[in-house]
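The values are calculated or read from the model by the stated rules, or taken from the named source; none is laboratory data. Bear in mind that the values here come from a model prediction, so they are computed numbers and not experimental data. With ideal geometry, Cβ positions are generated from the backbone for all residues, glycine too; neighbour counts draw on all protein chains shown.
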Amino acid sequence: MARDTLTGSRIRERRIMRGVKQADLARQAGISASYLNLIEHNRRRIGGKLLLDIASILKVDPILLTQGAEATLIATLREAASAHATTEAELARVDEFAGRFPGWAQLLADSQGRIATLERTVETLTDRMTHDPHLATSLHEMLSTVTAIRSAASILAEPGEIDPDWQSRFHRNIYEDSARLAETSRGLVTYLESEGEAANETGAPQEEVDAVLEEVGHHVPQLETPEGDPEAVAVELGRALSGAAQDLLLAWLGRYAQDAQALPFERFAEEIQTSGPDAAQLAATLGASVTRVMRRLAAMPEEVLPDPVGLAICDASGVLTYRKPLPDFPMPRFGAACPLWPLYRALNRPMVILTQSIIQPGQTQALWAEALAEPIAPPAVNQDPLYEAHMLIRPGVPAAQASAAEVGVSCRICPRDPCPGRREPSILATA
Amino acid sequence: MTGHVLVIEDEPNIIEAISFVLSRDGWRVDTHANGVDAVEKVREKSPDVLILDVMLPGKSGYDILRELREDDEFVALPVLMLTARGQNRDREMAERAGVSRFMTKPFSNAEVLEALHALKAT
(Lines give C-alpha, C1' and ligand atoms only; values in the text may rest on other atoms or scores of the structure.)
Protein backbone atom coordinates (compact mmCIF):
# COMPACT_ATOMS: atom_id res chain seq x y z
CA MET A 1 0.00 0.00 0.00
CA ALA A 2 1.47 3.38 -0.93
CA ARG A 3 2.38 5.73 1.85
CA ASP A 4 0.30 8.68 0.67
CA THR A 5 -2.89 6.63 0.82
CA LEU A 6 -2.52 5.99 4.52
CA THR A 7 -3.63 9.35 5.89
CA GLY A 8 -6.80 7.73 7.19
CA SER A 9 -4.86 5.03 9.01
CA ARG A 10 -2.74 7.66 10.68
CA ILE A 11 -5.81 9.64 11.75
CA ARG A 12 -7.28 6.49 13.23
CA GLU A 13 -4.01 5.68 14.98
CA ARG A 14 -3.67 9.18 16.45
CA ARG A 15 -7.32 9.24 17.49
CA ILE A 16 -7.00 5.96 19.35
CA MET A 17 -3.72 7.07 20.93
CA ARG A 18 -5.46 10.16 22.29
CA GLY A 19 -8.46 8.13 23.47
CA VAL A 20 -10.95 10.03 21.31
CA LYS A 21 -14.06 8.21 20.17
CA GLN A 22 -14.73 8.13 16.46
CA ALA A 23 -18.14 9.70 16.92
CA ASP A 24 -16.71 12.54 19.01
CA LEU A 25 -14.00 13.33 16.48
CA ALA A 26 -16.55 13.27 13.68
CA ARG A 27 -18.83 15.61 15.58
CA GLN A 28 -16.03 18.05 16.37
CA ALA A 29 -14.88 17.99 12.74
CA GLY A 30 -18.40 18.54 11.50
CA ILE A 31 -18.75 15.28 9.56
CA SER A 32 -20.70 12.10 10.09
CA ALA A 33 -19.19 9.19 11.96
CA SER A 34 -19.72 6.91 9.00
CA TYR A 35 -17.82 9.30 6.71
CA LEU A 36 -14.94 9.48 9.20
CA ASN A 37 -15.00 5.70 9.35
CA LEU A 38 -14.51 5.57 5.56
CA ILE A 39 -11.65 8.08 5.83
CA GLU A 40 -9.98 6.14 8.60
CA HIS A 41 -10.07 3.00 6.49
CA ASN A 42 -8.47 4.87 3.59
CA ARG A 43 -11.62 4.55 1.47
CA ARG A 44 -12.10 8.28 1.15
CA ARG A 45 -9.36 10.75 0.46
CA ILE A 46 -8.96 13.66 2.84
CA GLY A 47 -7.29 17.01 2.49
CA GLY A 48 -7.80 20.74 2.77
CA LYS A 49 -9.65 22.28 5.69
CA LEU A 50 -11.06 18.99 6.98
CA LEU A 51 -7.57 17.58 7.36
CA LEU A 52 -6.40 20.73 9.16
CA ASP A 53 -9.43 20.60 11.48
CA ILE A 54 -8.86 16.95 12.36
CA ALA A 55 -5.14 17.55 12.90
CA SER A 56 -6.01 20.46 15.18
CA ILE A 57 -8.51 18.39 17.18
CA LEU A 58 -5.98 15.59 17.52
CA LYS A 59 -3.25 18.13 18.40
CA VAL A 60 -0.91 16.80 15.75
CA ASP A 61 1.01 18.44 12.93
CA PRO A 62 -0.99 17.91 9.70
CA ILE A 63 2.23 16.88 7.96
CA LEU A 64 2.50 13.90 10.25
CA LEU A 65 -0.93 12.79 9.04
CA THR A 66 -0.27 13.34 5.34
CA GLN A 67 3.35 12.35 5.07
CA GLY A 68 3.26 9.83 7.83
CA ALA A 69 6.46 8.51 9.23
CA GLU A 70 9.51 10.27 7.94
CA ALA A 71 11.76 8.79 5.35
CA THR A 72 14.49 8.26 7.93
CA LEU A 73 12.15 6.11 9.98
CA ILE A 74 11.36 3.97 6.95
CA ALA A 75 15.04 3.76 6.09
CA THR A 76 15.92 2.71 9.62
CA LEU A 77 13.21 0.04 9.57
CA ARG A 78 14.58 -1.27 6.28
CA GLU A 79 18.04 -1.27 7.80
CA ALA A 80 16.74 -3.22 10.79
CA ALA A 81 15.10 -5.73 8.47
CA SER A 82 18.27 -6.22 6.46
CA ALA A 83 20.31 -6.61 9.66
CA HIS A 84 17.99 -9.43 10.73
CA ALA A 85 17.38 -11.03 7.38
CA THR A 86 16.52 -14.39 8.90
CA THR A 87 13.37 -13.03 10.53
CA GLU A 88 11.83 -12.31 7.10
CA ALA A 89 10.14 -9.02 7.97
CA GLU A 90 7.39 -7.95 5.54
CA LEU A 91 9.51 -5.33 3.77
CA ALA A 92 6.86 -4.65 1.16
CA ARG A 93 4.55 -3.40 3.91
CA VAL A 94 7.07 -1.33 5.82
CA ASP A 95 5.32 1.94 4.87
CA GLU A 96 2.02 0.61 6.06
CA PHE A 97 3.58 -0.54 9.32
CA ALA A 98 5.16 2.85 9.93
CA GLY A 99 1.93 4.61 9.08
CA ARG A 100 -0.41 2.49 11.13
CA PHE A 101 1.82 1.95 14.14
CA PRO A 102 4.10 5.02 14.34
CA GLY A 103 4.86 4.47 18.01
CA TRP A 104 5.92 0.86 17.58
CA ALA A 105 7.80 1.72 14.41
CA GLN A 106 9.71 4.50 16.16
CA LEU A 107 10.45 2.18 19.07
CA LEU A 108 11.82 -0.41 16.66
CA ALA A 109 13.87 2.24 14.83
CA ASP A 110 15.21 3.62 18.11
CA SER A 111 16.15 0.13 19.24
CA GLN A 112 17.92 -0.45 15.94
CA GLY A 113 19.86 2.80 16.44
CA ARG A 114 20.73 1.82 19.97
CA ILE A 115 21.93 -1.61 18.85
CA ALA A 116 24.17 0.04 16.27
CA THR A 117 25.56 2.44 18.90
CA LEU A 118 26.22 -0.38 21.36
CA GLU A 119 27.87 -2.47 18.67
CA ARG A 120 30.19 0.42 17.87
CA THR A 121 30.97 0.81 21.57
CA VAL A 122 31.78 -2.89 21.88
CA GLU A 123 34.01 -2.67 18.82
CA THR A 124 35.78 0.37 20.24
CA LEU A 125 36.37 -1.26 23.62
CA THR A 126 37.47 -4.54 22.07
CA ASP A 127 39.80 -2.66 19.79
CA ARG A 128 41.13 -0.71 22.71
CA MET A 129 41.82 -3.84 24.76
CA THR A 130 43.35 -5.58 21.77
CA HIS A 131 45.47 -2.77 20.47
CA ASP A 132 46.45 -0.93 23.60
CA PRO A 133 50.21 -1.35 23.18
CA HIS A 134 51.02 -0.98 26.86
CA LEU A 135 48.39 -3.50 27.90
CA ALA A 136 49.35 -5.98 25.18
CA THR A 137 53.06 -5.75 25.98
CA SER A 138 52.51 -6.10 29.71
CA LEU A 139 50.22 -9.10 29.35
CA HIS A 140 52.58 -10.75 26.90
CA GLU A 141 55.48 -10.25 29.25
CA MET A 142 53.51 -11.57 32.20
CA LEU A 143 52.40 -14.70 30.36
CA SER A 144 55.90 -15.38 29.06
CA THR A 145 57.33 -14.98 32.55
CA VAL A 146 54.66 -17.24 34.04
CA THR A 147 55.47 -19.84 31.37
CA ALA A 148 59.15 -19.74 32.26
CA ILE A 149 58.37 -20.07 35.99
CA ARG A 150 55.91 -22.89 35.42
CA SER A 151 58.31 -24.77 33.21
CA ALA A 152 61.28 -24.44 35.58
CA ALA A 153 59.20 -25.20 38.67
CA SER A 154 57.79 -28.27 36.97
CA ILE A 155 61.30 -29.54 36.21
CA LEU A 156 62.29 -29.10 39.85
CA ALA A 157 59.11 -30.70 41.14
CA GLU A 158 59.30 -33.78 38.96
CA PRO A 159 60.74 -36.94 40.52
CA GLY A 160 64.26 -37.97 39.60
CA GLU A 161 67.72 -36.58 40.00
CA ILE A 162 68.72 -33.27 38.44
CA ASP A 163 72.29 -32.20 38.08
CA PRO A 164 73.05 -29.70 40.89
CA ASP A 165 74.19 -27.10 38.37
CA TRP A 166 70.91 -27.32 36.50
CA GLN A 167 69.00 -27.33 39.78
CA SER A 168 70.76 -24.17 40.87
CA ARG A 169 70.20 -22.56 37.49
CA PHE A 170 66.43 -23.23 37.58
CA HIS A 171 66.19 -21.96 41.14
CA ARG A 172 67.88 -18.76 40.05
CA ASN A 173 65.63 -18.49 37.00
CA ILE A 174 62.50 -18.87 39.11
CA TYR A 175 63.73 -16.23 41.52
CA GLU A 176 64.53 -13.78 38.71
CA ASP A 177 61.28 -14.46 36.87
CA SER A 178 59.14 -14.10 39.96
CA ALA A 179 60.75 -10.73 40.68
CA ARG A 180 60.11 -9.69 37.08
CA LEU A 181 56.52 -10.89 37.29
CA ALA A 182 55.94 -8.88 40.45
CA GLU A 183 57.36 -5.79 38.78
CA THR A 184 55.32 -6.24 35.60
CA SER A 185 52.11 -6.87 37.55
CA ARG A 186 52.66 -3.79 39.66
CA GLY A 187 53.26 -1.72 36.57
CA LEU A 188 50.17 -3.10 34.89
CA VAL A 189 47.95 -2.41 37.87
CA THR A 190 49.31 1.11 38.14
CA TYR A 191 48.64 1.64 34.46
CA LEU A 192 45.11 0.25 34.62
CA GLU A 193 44.07 2.21 37.64
CA SER A 194 46.10 5.38 37.60
CA GLU A 195 44.84 8.72 36.47
CA GLY A 196 47.10 11.08 34.60
CA GLU A 197 48.62 10.43 31.22
CA ALA A 198 46.80 7.18 30.56
CA ALA A 199 43.44 8.85 31.08
CA ASN A 200 44.08 10.95 28.00
CA GLU A 201 44.41 7.85 25.86
CA THR A 202 40.99 6.49 26.72
CA GLY A 203 38.01 6.14 24.48
CA ALA A 204 34.89 6.18 26.66
CA PRO A 205 33.08 9.54 26.90
CA GLN A 206 33.05 9.54 30.71
CA GLU A 207 36.79 8.88 30.76
CA GLU A 208 37.36 11.73 28.29
CA VAL A 209 35.49 14.06 30.62
CA ASP A 210 37.38 12.71 33.64
CA ALA A 211 40.65 13.50 31.85
CA VAL A 212 39.55 17.09 31.17
CA LEU A 213 38.44 17.64 34.77
CA GLU A 214 41.69 16.18 36.02
CA GLU A 215 43.56 18.52 33.70
CA VAL A 216 41.89 21.58 35.23
CA GLY A 217 42.14 20.23 38.76
CA HIS A 218 38.31 19.96 38.96
CA HIS A 219 38.25 23.74 39.38
CA VAL A 220 36.80 25.99 36.67
CA PRO A 221 37.56 29.67 37.44
CA GLN A 222 35.57 30.83 34.38
CA LEU A 223 32.39 29.63 36.10
CA GLU A 224 33.10 31.17 39.48
CA THR A 225 31.57 34.49 38.39
CA PRO A 226 27.86 35.18 37.69
CA GLU A 227 28.78 35.87 34.04
CA GLY A 228 30.27 32.40 33.61
CA ASP A 229 28.86 30.67 30.56
CA PRO A 230 28.99 26.84 30.72
CA GLU A 231 28.52 26.51 26.96
CA ALA A 232 31.48 28.76 26.21
CA VAL A 233 33.64 26.91 28.73
CA ALA A 234 32.51 23.56 27.30
CA VAL A 235 33.64 24.69 23.85
CA GLU A 236 36.95 25.88 25.28
CA LEU A 237 37.70 22.76 27.31
CA GLY A 238 36.04 20.17 25.11
CA ARG A 239 37.53 20.91 21.69
CA ALA A 240 39.30 17.57 21.44
CA LEU A 241 36.46 15.51 22.89
CA SER A 242 34.01 13.23 21.12
CA GLY A 243 30.43 14.47 20.72
CA ALA A 244 29.15 12.28 23.53
CA ALA A 245 31.91 13.48 25.85
CA GLN A 246 31.16 17.12 24.98
CA ASP A 247 27.54 16.57 26.01
CA LEU A 248 28.63 15.06 29.31
CA LEU A 249 31.09 17.87 29.90
CA LEU A 250 28.47 20.52 29.20
CA ALA A 251 26.07 18.86 31.65
CA TRP A 252 28.76 18.79 34.30
CA LEU A 253 29.75 22.40 33.71
CA GLY A 254 26.11 23.46 33.85
CA ARG A 255 25.80 21.86 37.24
CA TYR A 256 29.10 23.45 38.31
CA ALA A 257 27.78 26.88 37.36
CA GLN A 258 24.57 26.36 39.35
CA ASP A 259 26.59 25.21 42.35
CA ALA A 260 28.91 28.21 42.03
CA GLN A 261 25.98 30.62 41.89
CA ALA A 262 24.33 29.03 44.92
CA LEU A 263 27.58 28.89 46.90
CA PRO A 264 29.81 31.74 45.66
CA PHE A 265 33.54 31.09 45.85
CA GLU A 266 34.54 33.81 48.33
CA ARG A 267 31.78 33.04 50.81
CA PHE A 268 32.33 29.30 50.55
CA ALA A 269 36.11 29.57 50.94
CA GLU A 270 35.63 31.81 53.97
CA GLU A 271 33.30 29.33 55.62
CA ILE A 272 35.72 26.45 54.96
CA GLN A 273 38.32 28.34 56.99
CA THR A 274 35.83 28.42 59.87
CA SER A 275 34.14 25.02 59.66
CA GLY A 276 36.70 22.96 57.82
CA PRO A 277 35.67 20.63 54.99
CA ASP A 278 32.77 19.16 56.94
CA ALA A 279 30.03 18.82 54.35
CA ALA A 280 27.13 18.50 56.77
CA GLN A 281 28.30 21.43 58.88
CA LEU A 282 28.88 23.62 55.84
CA ALA A 283 25.48 22.70 54.42
CA ALA A 284 23.77 23.63 57.66
CA THR A 285 25.64 26.93 57.97
CA LEU A 286 25.21 27.97 54.36
CA GLY A 287 21.67 26.65 53.91
CA ALA A 288 22.62 24.48 50.97
CA SER A 289 22.14 20.82 50.16
CA VAL A 290 24.86 18.50 51.41
CA THR A 291 25.53 17.06 47.95
CA ARG A 292 25.97 20.57 46.51
CA VAL A 293 28.45 21.34 49.27
CA MET A 294 30.30 18.10 48.46
CA ARG A 295 30.62 19.12 44.82
CA ARG A 296 31.81 22.60 45.81
CA LEU A 297 34.41 21.10 48.14
CA ALA A 298 35.68 18.93 45.29
CA ALA A 299 35.95 22.05 43.12
CA MET A 300 38.05 24.05 45.56
CA PRO A 301 41.63 24.80 44.49
CA GLU A 302 44.67 24.08 46.63
CA GLU A 303 44.87 27.60 48.07
CA VAL A 304 41.47 27.06 49.67
CA LEU A 305 41.87 23.39 50.57
CA PRO A 306 45.56 22.47 50.97
CA ASP A 307 44.47 18.89 51.71
CA PRO A 308 42.19 18.20 48.77
CA VAL A 309 39.05 16.10 49.06
CA GLY A 310 38.01 13.25 46.79
CA LEU A 311 34.52 12.80 45.44
CA ALA A 312 32.69 9.94 43.77
CA ILE A 313 29.20 10.26 42.35
CA CYS A 314 27.15 7.35 41.08
CA ASP A 315 23.74 6.95 39.56
CA ALA A 316 21.09 4.55 40.84
CA SER A 317 22.69 1.67 38.95
CA GLY A 318 25.94 2.23 40.80
CA VAL A 319 27.83 3.49 37.75
CA LEU A 320 30.35 6.18 38.62
CA THR A 321 29.40 9.37 36.82
CA TYR A 322 32.08 11.51 38.42
CA ARG A 323 35.34 10.67 40.11
CA LYS A 324 37.94 12.76 41.78
CA PRO A 325 40.38 10.32 43.37
CA LEU A 326 42.96 11.03 46.02
CA PRO A 327 46.49 9.64 46.16
CA ASP A 328 45.39 7.56 49.17
CA PHE A 329 42.07 6.70 47.62
CA PRO A 330 42.37 5.72 43.96
CA MET A 331 39.19 5.05 42.01
CA PRO A 332 38.73 2.70 39.07
CA ARG A 333 39.15 4.40 35.71
CA PHE A 334 36.45 2.21 34.25
CA GLY A 335 34.24 -0.63 35.39
CA ALA A 336 32.62 -0.95 38.75
CA ALA A 337 34.10 0.19 42.03
CA CYS A 338 34.24 -1.68 45.34
CA PRO A 339 30.70 -2.48 46.53
CA LEU A 340 31.84 -1.90 50.13
CA TRP A 341 32.18 1.83 49.55
CA PRO A 342 29.77 3.85 51.70
CA LEU A 343 28.65 5.38 48.38
CA TYR A 344 26.68 2.23 47.64
CA ARG A 345 25.38 1.86 51.18
CA ALA A 346 23.96 5.35 50.79
CA LEU A 347 21.81 4.12 47.90
CA ASN A 348 20.24 1.67 50.36
CA ARG A 349 19.53 4.42 52.88
CA PRO A 350 18.58 7.51 50.89
CA MET A 351 18.55 10.90 52.59
CA VAL A 352 20.77 9.71 55.45
CA ILE A 353 24.31 11.04 55.67
CA LEU A 354 26.47 7.99 56.28
CA THR A 355 29.94 8.48 57.65
CA GLN A 356 32.71 5.94 57.98
CA SER A 357 36.45 5.73 58.41
CA ILE A 358 37.80 3.69 55.50
CA ILE A 359 41.14 2.50 54.20
CA GLN A 360 42.18 0.79 50.98
CA PRO A 361 44.63 -2.16 50.75
CA GLY A 362 48.23 -1.01 50.61
CA GLN A 363 47.40 2.47 51.92
CA THR A 364 48.65 3.71 55.24
CA GLN A 365 46.23 6.54 55.87
CA ALA A 366 42.62 6.04 56.86
CA LEU A 367 40.21 8.56 55.34
CA TRP A 368 36.86 9.92 56.36
CA ALA A 369 33.95 9.19 54.03
CA GLU A 370 30.61 10.99 54.02
CA ALA A 371 27.99 9.58 51.68
CA LEU A 372 24.49 10.69 50.83
CA ALA A 373 21.92 9.58 48.26
CA GLU A 374 19.30 12.08 47.17
CA PRO A 375 16.49 11.95 44.59
CA ILE A 376 17.45 13.50 41.28
CA ALA A 377 14.00 15.02 40.73
CA PRO A 378 11.19 16.43 42.83
CA PRO A 379 8.47 14.02 44.00
CA ALA A 380 5.98 13.02 41.33
CA VAL A 381 2.63 11.30 41.61
CA ASN A 382 2.95 7.51 41.73
CA GLN A 383 6.57 7.63 40.65
CA ASP A 384 9.37 6.09 42.63
CA PRO A 385 12.27 8.48 42.99
CA LEU A 386 15.57 7.87 41.22
CA TYR A 387 18.55 8.42 43.43
CA GLU A 388 22.06 9.70 42.89
CA ALA A 389 24.70 9.12 45.55
CA HIS A 390 27.69 11.29 46.47
CA MET A 391 30.65 10.21 48.59
CA LEU A 392 33.14 12.76 49.84
CA ILE A 393 36.54 11.43 50.89
CA ARG A 394 38.87 13.52 52.99
CA PRO A 395 41.69 13.26 55.49
CA GLY A 396 40.92 13.99 59.10
CA VAL A 397 39.27 10.97 60.64
CA PRO A 398 37.69 11.99 63.98
CA ALA A 399 39.76 10.78 66.90
CA ALA A 400 36.88 8.71 68.26
CA GLN A 401 36.94 6.52 65.14
CA ALA A 402 39.55 4.00 66.15
CA SER A 403 39.37 1.40 63.40
CA ALA A 404 38.86 1.95 59.70
CA ALA A 405 36.78 -0.32 57.49
CA GLU A 406 38.75 -1.97 54.71
CA VAL A 407 37.40 -1.23 51.26
CA GLY A 408 38.97 -1.76 47.85
CA VAL A 409 39.28 0.06 44.54
CA SER A 410 37.67 -2.63 42.42
CA CYS A 411 37.55 -6.42 42.72
CA ARG A 412 40.06 -6.84 39.92
CA ILE A 413 42.93 -5.35 41.90
CA CYS A 414 41.79 -6.11 45.43
CA PRO A 415 43.61 -8.80 47.41
CA ARG A 416 40.94 -8.95 50.13
CA ASP A 417 39.73 -12.53 50.32
CA PRO A 418 37.27 -13.74 51.35
CA CYS A 419 35.04 -10.77 50.68
CA PRO A 420 31.24 -10.88 50.63
CA GLY A 421 31.22 -8.26 47.89
CA ARG A 422 33.58 -10.00 45.49
CA ARG A 423 32.10 -10.37 42.01
CA GLU A 424 35.21 -11.40 40.06
CA PRO A 425 38.60 -12.91 40.90
CA SER A 426 41.46 -10.57 41.62
CA ILE A 427 44.48 -10.47 39.37
CA LEU A 428 46.42 -9.97 42.60
CA ALA A 429 45.03 -13.12 44.19
CA THR A 430 48.32 -14.99 43.94
CA ALA A 431 50.62 -11.99 44.23
CA MET B 1 67.43 -39.79 19.55
CA THR B 2 63.79 -38.77 19.33
CA GLY B 3 64.38 -36.14 16.68
CA HIS B 4 65.81 -32.74 15.97
CA VAL B 5 63.92 -29.65 17.16
CA LEU B 6 64.71 -26.00 16.65
CA VAL B 7 63.26 -23.61 19.27
CA ILE B 8 62.86 -20.00 18.15
CA GLU B 9 61.88 -18.04 21.25
CA ASP B 10 63.21 -14.80 22.67
CA GLU B 11 62.61 -15.50 26.35
CA PRO B 12 65.90 -16.97 27.61
CA ASN B 13 64.45 -18.76 30.63
CA ILE B 14 61.75 -20.42 28.52
CA ILE B 15 64.45 -21.50 26.08
CA GLU B 16 66.49 -22.93 28.92
CA ALA B 17 63.61 -24.85 30.49
CA ILE B 18 62.27 -26.18 27.19
CA SER B 19 65.76 -27.17 26.05
CA PHE B 20 66.30 -29.07 29.29
CA VAL B 21 62.99 -30.90 29.07
CA LEU B 22 63.38 -31.77 25.40
CA SER B 23 66.99 -32.89 25.77
CA ARG B 24 66.01 -35.11 28.67
CA ASP B 25 63.32 -36.60 26.47
CA GLY B 26 65.92 -37.47 23.85
CA TRP B 27 65.55 -34.59 21.42
CA ARG B 28 68.50 -32.84 19.84
CA VAL B 29 67.77 -29.19 20.54
CA ASP B 30 68.94 -26.05 18.75
CA THR B 31 67.77 -22.63 19.83
CA HIS B 32 67.51 -19.18 18.31
CA ALA B 33 66.33 -15.94 19.91
CA ASN B 34 65.31 -13.47 17.20
CA GLY B 35 63.03 -13.25 14.22
CA VAL B 36 65.21 -11.34 11.76
CA ASP B 37 67.32 -14.28 10.56
CA ALA B 38 65.01 -17.03 11.81
CA VAL B 39 64.24 -18.33 8.31
CA GLU B 40 67.96 -18.65 7.55
CA LYS B 41 68.43 -20.49 10.83
CA VAL B 42 65.69 -22.99 9.91
CA ARG B 43 67.34 -23.54 6.52
CA GLU B 44 70.70 -24.00 8.22
CA LYS B 45 69.50 -26.43 10.90
CA SER B 46 66.78 -28.18 8.90
CA PRO B 47 64.99 -29.52 12.00
CA ASP B 48 62.38 -32.30 12.16
CA VAL B 49 60.09 -30.02 14.16
CA LEU B 50 60.09 -26.26 14.69
CA ILE B 51 58.89 -24.54 17.86
CA LEU B 52 58.15 -20.94 16.96
CA ASP B 53 57.15 -18.04 19.20
CA VAL B 54 54.80 -15.45 17.69
CA MET B 55 56.20 -12.24 19.17
CA LEU B 56 59.87 -12.16 18.28
CA PRO B 57 62.23 -9.23 17.92
CA GLY B 58 62.62 -8.18 14.31
CA LYS B 59 59.97 -10.33 12.66
CA SER B 60 56.76 -11.99 13.84
CA GLY B 61 56.30 -15.74 13.97
CA TYR B 62 53.47 -15.40 11.43
CA ASP B 63 55.79 -13.78 8.86
CA ILE B 64 58.50 -16.36 9.47
CA LEU B 65 56.03 -19.18 9.00
CA ARG B 66 54.60 -17.66 5.81
CA GLU B 67 58.12 -17.40 4.36
CA LEU B 68 58.88 -20.98 5.27
CA ARG B 69 55.67 -22.28 3.69
CA GLU B 70 56.64 -20.58 0.41
CA ASP B 71 59.76 -22.75 0.33
CA ASP B 72 59.05 -26.24 -1.03
CA GLU B 73 61.54 -27.72 1.40
CA PHE B 74 59.52 -26.51 4.42
CA VAL B 75 55.96 -26.77 3.16
CA ALA B 76 55.39 -29.81 5.35
CA LEU B 77 57.70 -28.93 8.25
CA PRO B 78 55.77 -29.55 11.50
CA VAL B 79 55.54 -26.21 13.31
CA LEU B 80 54.34 -25.74 16.88
CA MET B 81 53.53 -22.10 17.42
CA LEU B 82 53.66 -20.57 20.89
CA THR B 83 51.84 -17.39 21.80
CA ALA B 84 50.64 -15.39 24.76
CA ARG B 85 47.63 -14.35 22.68
CA GLY B 86 44.95 -16.99 22.53
CA GLN B 87 42.18 -15.11 20.77
CA ASN B 88 40.37 -16.75 17.87
CA ARG B 89 41.78 -14.10 15.57
CA ASP B 90 45.36 -15.05 16.49
CA ARG B 91 44.57 -18.71 16.00
CA GLU B 92 43.07 -17.94 12.59
CA MET B 93 46.16 -15.93 11.62
CA ALA B 94 48.37 -18.84 12.60
CA GLU B 95 46.24 -21.27 10.65
CA ARG B 96 46.30 -19.05 7.58
CA ALA B 97 50.09 -18.85 7.85
CA GLY B 98 50.23 -22.65 7.85
CA VAL B 99 50.74 -23.66 11.46
CA SER B 100 50.63 -27.34 12.40
CA ARG B 101 49.72 -26.79 16.04
CA PHE B 102 49.00 -23.74 18.15
CA MET B 103 49.70 -23.49 21.90
CA THR B 104 48.98 -20.59 24.23
CA LYS B 105 51.17 -19.53 27.13
CA PRO B 106 51.42 -20.50 29.90
CA PHE B 107 51.75 -24.11 28.72
CA SER B 108 53.17 -27.04 30.66
CA ASN B 109 56.26 -29.07 29.79
CA ALA B 110 54.07 -32.12 29.35
CA GLU B 111 51.89 -30.32 26.80
CA VAL B 112 54.94 -29.33 24.76
CA LEU B 113 56.30 -32.86 24.80
CA GLU B 114 52.95 -34.34 23.85
CA ALA B 115 52.61 -31.87 20.97
CA LEU B 116 56.10 -32.57 19.67
CA HIS B 117 55.61 -36.32 19.70
CA ALA B 118 52.32 -35.93 17.90
CA LEU B 119 53.88 -33.66 15.28
CA LYS B 120 56.86 -35.93 14.77
CA ALA B 121 54.51 -38.83 14.19
CA THR B 122 52.67 -37.06 11.37
*Can A:Leu286 be described as more than 21 Å from the chain's Cα centre (by Cα) and either within 23 Å of A:Glu374 (Cβ to Cβ) or not aromatic (Phe, Trp, Tyr) (or both)?*
yes
*Taking A:Ile63 as meeting all but one of (1) at pLDDT below 85; (2) crowded, with 19+ Cβ neighbours inside 10 Å; (3) in a helix (DSSP H, G or I), write down the number of the exception.*
(2)
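Yes/no per residue for (1) hydroxyl-bearing (Ser, Thr, Tyr); (2) over 25 Å from A:Pro350 (Cβ atoms); (3) modelled with pLDDT of 95 or more; (4) surrounded by 20 or more Cβ atoms within 10 Å (Cβ to Cβ):
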site: A:Ala260; (1), (2), (3), (4): no, yes, yes, yes
site: A:Thr274; (1), (2), (3), (4): yes, yes, no, no
site: A:Pro277; (1), (2), (3), (4): no, no, no, yes
site: A:Arg296; (1), (2), (3), (4): no, no, yes, yes
site: A:Pro301; (1), (2), (3), (4): no, yes, no, no
site: A:Val304; (1), (2), (3), (4): no, yes, no, no
site: A:Pro308; (1), (2), (3), (4): no, yes, no, yes
*Select the helices (runs of 4 or more DSSP H) contained entirely in the stretch A:74-180, then report the ones holding at least 1 residues which are in contact with a Gly (Cβ under 9 Å, 6 or more places away or on another chain) and either under 30 Å from A:Pro205 (Cα atoms) or modelled with pLDDT of 90 or more (or both).*
A:102-131, A:133-157
*Across the stretch B:30-59, what is the total count of residues that are farther than 21 Å from B:Thr104 by Cα and aliphatic (A, V, I, L, M)?*
3
*Do we find a residue being in contact with a strand residue (DSSP E or B) (Cβ under 7 Å, 6 or more places away or on another chain), outside any helix (DSSP H, G or I) and outside the structural domain of A:Pro418 (by TED's automatic domain parsing) anywhere in the stretch A:267-288?*
yes
*Of the numbered conditions (1) aliphatic (A, V, I, L, M); (2) within 14 Å of chain A (Cβ to nearest Cβ); (3) out of contact with any His (no Cβ under 8 Å at 6 or more places or on another chain), B:Met55 satisfies every one except a single condition; which is it?*
(3)
*Specify which of the listed residues (B:Pro57, B:Pro106) is part of a loop (DSSP other than H, G, I, E, B) and either under 22 Å from B:Asp25 (Cα atoms) or modelled with pLDDT of 90 or more (or both).*
B:Pro106
*Please go through the stretch A:154-178 and pick out each residue that is within 45 Å of the chain's Cα centre (by Cα), more than 9 Å from chain B (Cβ to nearest Cβ) and closer than 24 Å to B:Thr104 by Cβ.*
A:Ser178
*Identify the single condition in (1) on the phi < 0 side of the Ramachandran plot; (2) of a type in the set (A, V, I, L, M); (3) in the same structural domain as A:Cys414 (by TED's automatic domain parsing) that A:Met351 does not satisfy, given that it satisfies every other one.*
(1)
*Is the stretch B:56-75 home to any residue that is touching a Lys or Arg at 6+ places or on another chain (Cβ under 7 Å), surrounded by fewer than 23 Cβ atoms within 10 Å (Cβ to Cβ) and closer than 23 Å to B:Glu114 by Cβ?*
no
*Can we say B:Glu114 is surrounded by fewer than 15 Cβ atoms within 10 Å (Cβ to Cβ), away from chain A (no Cβ under 14 Å) and out of contact with any His (no Cβ under 6 Å at 6 or more places or on another chain)?*
no
*Does the stretch A:336-393 hold any residues that are closer than 25 Å to A:Ser426 by Cα and among the charged types (D, E, K, R), and which are they?*
A:Arg345
*asked:* Give me the residue from the stretch B:80-103 that is under 14 Å from the mean Cα position of the chain (by Cα) and in a loop (DSSP other than H, G, I, E, B) and, out of that set, nearest to the other protein chains (Cβ to nearest Cβ).
replied: B:Ala84
